[in-house]
Amino acid sequence: MARENTRAIFLGILTPKKIFGGEKMQRIGKQTIEFTAKPKIESHGAVAGKKEAEGPLSADFDQTFQDTSLQTESWEKAEAQLQKEAVSVALAKGGLKPKDIDFILAGDLLNQCISSTFGLLDYNIPFLGQYGACSTMAQTLFLAAVLVDSGAAHRAAAVTSSHFCSAERQFRTPLEYGAQRTPTAQWTATASGCAIVGRAGRVEIVRGLAGKIVDLGVKDPANMGAAMAPAAADSIYQFLQDTHTAPSDYDCIYTGDLGQVGTDLLHQTLQQNNLDLTSRHQDCGLLLYDRTQQDVHAGGSGCGCSASVLCGHILSRMEAGGLGNILFCATGALMSPTSSQQGESIPGICHVLHLRRS
């Protein structure tokens, strides 16, 4: 009897205890997950640079910087500081401390996600680095919802960033070179967004779809919209099929940063499948800047583009009651300097999140 009691106590110590919930997440259709506990966005913060502050969404940012170096020694350190500031804002708005966050999921465009690593170092929060290119905000938010819905975390933070100057240096040409940008090129946002997922809040995460890698052979690194549009069409179409819903069921369907070229291609592709998105669709890359007044060519891009638009503009509108039911579909171009220099094509990805005002 003594041995049995000892064994029971020992197993009790080792048995994981659920933080909350208990019901299992459910798969709907081929790719969609429905969250049973309906994780909620407790708090969010968005910060941006000078050019973004001059755009139409200026009032939606919690903090903007006129000095794009953020008083640091390099563009990469400036981007790391953007993430640090976005998390700080989100924590402060939620009345939270770093110790209140069980996981932080973060990523950026730079090699080995150094903006996330160095930007979040001082928070001392368990860290899971992510790379989904410009789709990273949707990817981190999706996984944060999985952690909270499963009971593995009370709260998980999702954050990402980009910086025009650091991205130009890595993917195209350093600013000092003065290269001419093509009309299809997009402007990488100098911005960051952070969303903290937990059990309280006015916006709940209802469902999520992890996209498939789609590659139609686009090789031009100055035409990201064309590279990402097929993935956006694939994921949106599949989500609507899985959930038996239509575009009219949502107040708005936001894509990540297709810009004008990618937006046109998305509409054309879905129309071929008898799906008209035009009346319900907006693109974060077209919302962030005023293309008639700002020289951004085809629109905005970068991890910080959809992140700052979501955590500034979209979530604020949802909390205020202006939006009640949306899809957030961040897109990414899965390339690297090495693959581009070796002449490889640019695969695309798109993840979908269904957000609803509770």
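The set of residues from the stretch 71-102 being out of contact with any Lys or Arg (no Cβ under 8 Å at 6 or more places or on another chain), assigned to a loop (DSSP other than H, G, I, E, B) and crowded, with 20+ Cβ neighbours inside 10 Å comprises just one member, G94. The criterion of at least 1 residues that are touching a residue at least 60 places away in the same chain (Cβ under 8 Å) and among the hydroxyl-bearing types (S, T, Y) is met, among strands (runs of 3 or more DSSP E) falling completely within the stretch 103-171, by 156-162.
Could you tell me whether any residue of the stretch 93-103 is at pLDDT 95 or above and within 15 Å of the chain's Cα centre (by Cα)? Scanning the stretch 93-103 turns up no residue that is at pLDDT 95 or above and within 15 Å of the chain's Cα centre (by Cα). Scanning the stretch 278-327 for residues being of a type outside the set (S, T, Y), touching a residue at least 24 places away in the same chain (Cβ under 8 Å) and part of a helix (DSSP H, G or I) gives a total of 17.
Residues that are surrounded by fewer than 23 Cβ atoms within 10 Å (Cβ to Cβ) and hydrophobic (A, V, I, L, M, F, W, C): does the stretch 287-306 have at least one? There is at least one residue in the stretch 287-306 that is surrounded by fewer than 23 Cβ atoms within 10 Å (Cβ to Cβ) and hydrophobic (A, V, I, L, M, F, W, C).
With respect to the conditions (1) closer than 19 Å to Q31 by Cβ; (2) in a loop (DSSP other than H, G, I, E, B), T269 falls short on a single one, namely (2).
The values are calculated or read from the model by the stated rules, or taken from the named source; none is laboratory data. As the structure is a computational prediction, the values presented were derived from the model and not from experiment. Cβ atoms come from the backbone with ideal geometry, glycine included; neighbour counts cover every protein chain shown.
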